[in-house]
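A.B. asks: Handing you a structure now.
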Amino acid sequence: MGIIGTIFIGLIVGLLARFVKPGDDSMGWIMTILLGIAGSLLATYGGQALGIYQAGQAAGFFGALVGAVVLLVIYGFIKKR
């Protein structure tokens, strides 16, 4: 997958994560894309550390969504302080 595909999937995952998690998460398009990409990375490496995924295997769409929601919750805690 090229960089354009990664950005597009990051945007979709970031938008869905912001929709799934209740509350006001005011962030722009670029932060939403970065949230989706970071959620995918979190799910991939966290899943590999837990033995869910093998080395070199990426997380799926739902794994990326869960990772992005986890990052949104962490972002909410940090933003409150």
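The values are calculated or read from the model by the stated rules, or taken from the named source; none is laboratory data. Model, not experiment: these values are computed from the prediction. For neighbour counting, all protein chains shown are included, and Cβ atoms are generated from backbone atoms with ideal geometry for every residue, glycine included.
A.B. asks: Of everything in the range 8-32, what is under 16 Å from Gly63 (Cα atoms) and either touching an Asp or Glu at 6+ places or on another chain (Cβ under 6 Å) or surrounded by 14 or more Cβ atoms within 10 Å (Cβ to Cβ) (or both)? Give them in sequence order.
C.D. replies: Ile9, Gly10, Leu11, Ile12, Val13, Gly14, Leu15, Leu16, Ala17, Arg18, Lys21
A.B. asks: May I ask you to list the residues in the range 54-73 that are over 17 Å from Ile9 (Cβ atoms), assigned to a loop (DSSP other than H, G, I, E, B) and not polar (S, T, N, Q)?
C.D. replies: Ala55, Gly56
A.B. asks: So Gly10 passes all but one of these: (1) in a loop (DSSP other than H, G, I, E, B); (2) more than 21 Å from Lys80 (Cβ to Cβ); (3) of a type in the set (Gly, Ala, Ser). Which condition number does it fail?
C.D. replies: (1)
A.B. asks: Taking the condition surrounded by 18 or more Cβ atoms within 10 Å (Cβ to Cβ), touching a helix residue (DSSP H, G or I) at 6+ places or on another chain (Cβ under 8 Å) and not aromatic (Phe, Trp, Tyr), does Leu35 pass? Don't jump to the end; show me each part of the working.
C.D. replies: Values: surrounded by 18 or more Cβ atoms within 10 Å (Cβ to Cβ): yes; touching a helix residue (DSSP H, G or I) at 6+ places or on another chain (Cβ under 8 Å): yes; not aromatic (Phe, Trp, Tyr): yes.
Yes, satisfied.
Yes/no per residue for (1) in a helix (DSSP H, G or I); (2) at pLDDT below 80; (3) touching a His at 6+ places or on another chain (Cβ under 7 Å); (4) aliphatic (A, V, I, L, M):
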{"site": "Met1", "(1), (2), (3), (4)": "no, yes, no, yes"}
{"site": "Ile4", "(1), (2), (3), (4)": "yes, yes, no, yes"}
{"site": "Ile33", "(1), (2), (3), (4)": "yes, no, no, yes"}
{"site": "Ala38", "(1), (2), (3), (4)": "yes, no, no, yes"}
{"site": "Gly47", "(1), (2), (3), (4)": "yes, no, no, no"}
{"site": "Ile52", "(1), (2), (3), (4)": "no, no, no, yes"}
